[in-house]
Amino acid sequence: MDKQKKISLTSFILMIFTTIFGFANTPVAFIQMGYASIIWYVLAAFFFFLPTALMFAEYGSALNESKGGIYSWLAESIGPKLAFMGTFIWLFSWIVWMVSIASKVWIPLSTIFAGSDQTQSWAIFGLSSTQTIGVLAILWIVMVTFVASRGISSIAKISSIGGIAILGLNALFLILSVIILIVNHGALQEPWHGMTSIITSRNPNYQSPIALVSFIVFAIFAYGGMESVSGVTDSIKNPKKNFPKGLIVSTLLILFAYSISIFFWGVSTNWSKLGGQNANLGNISYVLMENLGNFAGQSFGMSASASTIFGHTLARITGLSMFMAYTGAFFVLIYSPLKSFILGTPKEIWTPRMTKLNKHNIPEFAMWVQAIVVIVIIMAVSFGGSNSTLFYSKLTLMGNISTSVPYLFLIGAFPFFKKRQDLNRPFEVYKNKTMTNIITIFVWLVLAFGIIFTVISDSLSNALWMVAGPVISGLVAFLYYSRYERKLKNK
């Protein structure tokens, strides 16, 4: 019976692929750097994704009985205080994700009904479009928190339906792009100049060496989620053999999927013309899919009106797929990371109301505290005077930095984890101490420099937004844990 429940190599590869690969990452890469983003995805795969995934696999296999997730990994390696700070920053990265998605979810909804993103023209009660989206995002947070706290777990099924829809969307995009390429006899809308296209970005904002290195954070963000996948090491058939094999195969598969997708956007889209299509980091997936439909119609000899209808249809399909994926993920992630963090850390840190579960086994009070934090950030960002392009750019940058910083803790703690002599290690790749330290330092520096260059290459106001999340959440965690330590001393 146990053998039947084990995860096969093929299933494991598919699990990694569906968890890590994100359809929306490639349009973002294309609008940021065009073809030149490919090389950074390659570097991120081999110098970040592969080595860190193997580290997380060792964490997960040695500490598979721990219920605190990455808090347990860090606590067993570098002590509970730093673990609490690192995990608190990790939790805050999900809060930033919620801020971003609560604002972006209205773009696919608008696209479903209008055939294109119309949110930039939305206005209620005399508010600007950005402020209107902020108000709608706040209503979304309140609604989702209320429903999820009632234990409506069946809503999570939407995420699996959304996952299937996104896979279908990927297939549709790739098939159409190949057909267009054949029909147009290999001609590309975004010119290909060999290695020059790979090395040099068309975007003037990514010309300097510092700006180029900063893009590594975008590439690393595209490989996010490894820490959750690595927790199933003990459930895989023959993990010593199949885990590294599955990891290498899935790395190459994800890398190929990202690279070929970025390249195929150039089949139907000219990078320099994106600015005239009101494209931003929030709606770029829908803009490019609508453009794909328009160009496909022209390539197939359709009339201008038929091509436009085809473009709007593809945009609507994209909107529906993304809306389902966003909704399903939101209902799970609004309580899952929070519950894991609060129940995994010492109960004495929190007030009794924070750790109390309602009759649906949900930390309802903690969820409403989280909702208030999300709402405050939404108000600060949406009422900060930015236009829609800067608004979504700010949210994306905040999300990338907040998601990347917790990895600094997890990677930095790995050598200390390896020093533990009292752990049973059913899966072990890093056996040589010197090589382990060299790889850890190298990967940590790659990530650290990527974060630093991302911050210093942008404007001062954007830089402050990027670092505000990790800095403030880290400080709050430090003060919270210090209060807990004082409480223990006074007992």
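The values are calculated or read from the model by the stated rules, or taken from the named source; none is laboratory data. Just so you know, these numbers come straight off a predicted model, no measurement behind them. Cβ placement follows ideal geometry from the backbone for every residue including glycine, while neighbour counts extend to all protein chains displayed. The protein model used for the area step is the full one, side chains on, heavy atoms only, and it has no ligands, DNA or RNA in it. Shrake-Rupley method; radii C 1.70, N 1.55, O 1.52, S 1.80 Å.
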Checklist entry - Within region 65-72, can one find any residue that is aliphatic (A, V, I, L, M) and surrounded by fewer than 24 Cβ atoms within 10 Å (Cβ to Cβ)? => result no
Item to check | Boolean, L445 is open to solvent by 60 Å² or more (accessible area, probe 1.4 Å) and over 16 Å from A44 (Cβ atoms) | outcome: no
Next on the checklist: Here is a check on your reading of the model: is G60 within 19 Å of F409 (Cα to Cα) and free of Cβ contacts under 8 Å to residues at least 60 places away in the same chain?
Outcome noted: no
Checklist entry - Quick one: would you say N361 is over 21 Å from I166 (Cβ atoms) and open to solvent by less than 60 Å² (accessible area, probe 1.4 Å)? => result no
Checklist entry - Restricting to region 171-193, what's the tally of residues that are assigned to a loop (DSSP other than H, G, I, E, B) and either under 30 Å from the mean Cα position of the chain (by Cα) or surrounded by 17 or more Cβ atoms within 10 Å (Cβ to Cβ) (or both)? => result 5
Checklist entry - Of all the residues that make up region 250-305, how many are open to solvent by less than 10 Å² (accessible area, probe 1.4 Å) and in a helix (DSSP H, G or I)? => result 20
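Yes/no per residue for (1) in a helix (DSSP H, G or I); (2) in contact with a Pro (Cβ under 9 Å, 6 or more places away or on another chain):
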residue	(1), (2)
T327	yes, no
L338	yes, yes
L343	yes, yes
M354	yes, yes
L357	no, yes
Item to check | Pair list, Cβ < 8 Å and 6+ apart or interchain, from region 181-205 residues that are touching a residue at least 12 places away in the same chain (Cβ under 8 Å) to residues that are open to solvent by less than 40 Å² (accessible area, probe 1.4 Å) and part of a loop (DSSP other than H, G, I, E, B) | outcome: Q189/T269; Q189/N270; E190/T269; E190/N270
Item to check | Selection status of N432, under 30 Å from N238 (Cβ atoms) and open to solvent by 80 Å² or more (accessible area, probe 1.4 Å) | outcome: yes
Item to check | Subset of region 457-476 (residues that are in contact with a Ser or Thr (Cβ under 8 Å, 6 or more places away or on another chain) and among the aliphatic types (A, V, I, L, M)) | outcome: M466
Checklist entry - Quick one: what pairs do we get from region 422-437, first residue within 11 Å of Y59 (Cα to Cα), second assigned to a loop (DSSP other than H, G, I, E, B) and at pLDDT below 85, C-beta under 8 Å, 6+ apart or different chains? => result L423/L63
